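First comes the structure, then the notes that go with it.
FYI, it's all coordinate maths here, none of it is from the lab. Keep in mind it's a predicted model, so treat the numbers as computed, not measured. Cβ atoms come from the backbone with ideal geometry, glycine included; neighbour counts cover every protein chain shown.
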Amino acid sequence: MPFSETYRPEALHDRLGAEFYDPVEAADFPKHVLRHRNQRQAERLGLGKLTDAEWIAHFGRFQPLPGSFPQPLALRYHGHQFRHYNPDLGDGRGFLFAQLRDADGRLLDLGTKGSGQTPWSRRGDGRLTLKGGVREILATEMLEAAGVNTSKSFSLIETGEKLMRGDEPSPTRSSVLVRLSHSHIRIGTFQRLAYFEDKASLAHLLAHSVTHYLPDLDPQAPPERLAPLFLAEVCRRVAQMGAQWMAAGFVHGVLNSDNINITGESFDYGPWRFAPTFDPALTAAYFDETGLYAFGRQPGALMWNLGRLAECLLLIAPREPLEEALATFEPAVQEAFAAAFLRRLGLTSAGTQADASFVSALVGFMVSTRAPFEQTLFDWRGGLASQERAARSPDAEFYAQGAFEPVFAAMAAFASAADLRLDHPYFERRVPCSMVIDEVEAIWAPIAEADDWSRFEDKLRDIALMREAYGEEA
């Protein structure tokens, strides 16, 4: 038996009922070449003992995992795409393959991307390019190392098909990705039920969501009382996620309501970017012509999506408490914004006002001088404890400018965190691990040209060193 004693399968999503999903079959791919196996996460789920052949059987041919779903489920949802409502969404190139629990008892999903057509594919082929799979691995690994609550890229298998795409050289190679997430229940899941004015299913989904994902709330409470509490907790979690993106210099690119889930976990990566500098106007998607989802507009975009969730809940709860719950987002994201930057810098809080003032000065410096984003946070890890390190930085000239004086002065109020780890070899380097777009293209080029995966593997090892140094092992 290749499953360890920590393997704890579940099959809870199908209890929502047939209204929420469509049973589907995975595509029959002509080839299965294992390109990435997240052994670290597999060990946590009791799947670490699978041979590569068994891994491919489950995550390439999608033989059911014992005790979980007998057949994959394509989930139903609607959503606003660039603020235009679309009732024709749903899992069009993915499905929920299995559910499991980790050692802490958390319910986790194994979902796919590129696993074939479903009833919601519309005119799409249901496939994923190999480059898209590689990019998602790089995004999730880097985000985790930077302290962002993110889905994990669990498996990537090349599938041997040639795909035609309008936004990259074609034909191009194909793949199927499996990602590990806490939940695939989206704002768009609630929107679909509100669209059909299905109050009973909305109340059912609310109770299910609270029972399995928000254990501090009482799922037995009547919907009119539970819905505002639920909304406030989702606002808090989404605020933390958005703040973590900002402190990582990350631009998601497509903040549609079907890409925001109730657990506040970043997922579904497409045209993402990491910002070389703190540039509020930086966009990730070439089709975001108005900058709706630009780096600096991400908190506002999240707030807008949460407003759509509140509208859905109006069918089962009164307006005033929902408005009060929604109003918690703005102060929550401001507090989380400061906390996320302090976490990245390895500094303890000096109080709400001091925290906000310091981070405001830091961001103002980064915006005005265009100091390198990741290098600046790396150089000043630990605050004044890294003054000598920062003086040796290849970008030390930025810190000699007058614009840095308010940052330096404010930094004196902050103590270093207990788990700073400045003695880690990672912090002995002169430059940090980064993931700007030119690096991503440089990693992909040898794969495309010569099937050379060495740069990709080297980058994953470098990110792992970063994750270890920052203590981000969640």
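Here are the numbers for this structure:
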read-out: Pairs from K31/K131; K31/K113; K49/K131 whose Cα-Cα separation, in the structure shown, is over 19 Å; value: K49/K131
read-out: Given charges at beta-carbon only (K, R positive; D, E negative), |dipole| of region 102-154 in Debye; value: 420
read-out: Under 5 Å, built H, 5+ apart or other chain: amide partners of F154; value: V178, R179, L180
read-out: Separation between Cα centres of region 265-284 and region 153-192, rounded to whole Å; value: 18
read-out: Translational diffusion of the chain, µm² s⁻¹ [Kirkwood Rh, Cα pairs; Stokes-Einstein; 37 °C; 0.692 mPa s]; value: 141
read-out: Residue-by-residue Karplus 3J(HN,Hα) for region 102-109, coefficients 6.51, -1.76, 1.60, Hz, glycine and proline x; value: 8, 5, 8, x, 5, 6, 10, 10
read-out: Antiparallel bridge percentage (DSSP; both residues within the chain; nearest 5); value: 95
read-out: Amide N of region 268-285 lying under 18 Å from the label point, which is placed 7 angstrom from the Cα of T172 along Cα→Cβ; value: 268-274, 284-285
read-out: Part-to-part distance (alpha-carbon centres) for region 78-129 and region 367-442, which is given in Å; value: 38
read-out: 5 Å-binned pair-distance histogram of region 380-474 (Cα, whole percent); value: 2, 11, 17, 17, 17, 14, 10, 6, 4, 2, 0
read-out: Net charge, K49 excluded, C-beta distance under 13 Å - Lys, Arg +1, Asp, Glu -1; value: -2
read-out: Karplus (6.51, -1.76, 1.60) ³J(HN,Hα), θ = phi - 60°, over region 308-322, in Hz, Gly and Pro reported as x; value: 5, 5, 4, 4, 4, 6, 4, 5, 10, 8, x, 5, 4, x, 5
read-out: For region 9-181, convex hull volume per residue from C-alpha positions, Å³; value: 132
read-out: Cα-based equivalent ellipsoid of region 194-265: semi-axis lengths in Å, sorted from largest, via gyration tensor; value: 26, 15, 9
read-out: Under the Karplus curve 6.51 cos²θ - 1.76 cosθ + 1.60, θ = phi - 60°, whole-Hz ³J(HN,Hα) for region 345-356, x wherever Gly or Pro sits; value: 7, x, 10, 8, 5, 10, x, 3, 5, 5, 4, 5
read-out: Rh by Kirkwood over Cα pairs, then Stokes-Einstein D for region 187-336 at 0.890 mPa s and 25 °C, µm²/s; value: 155
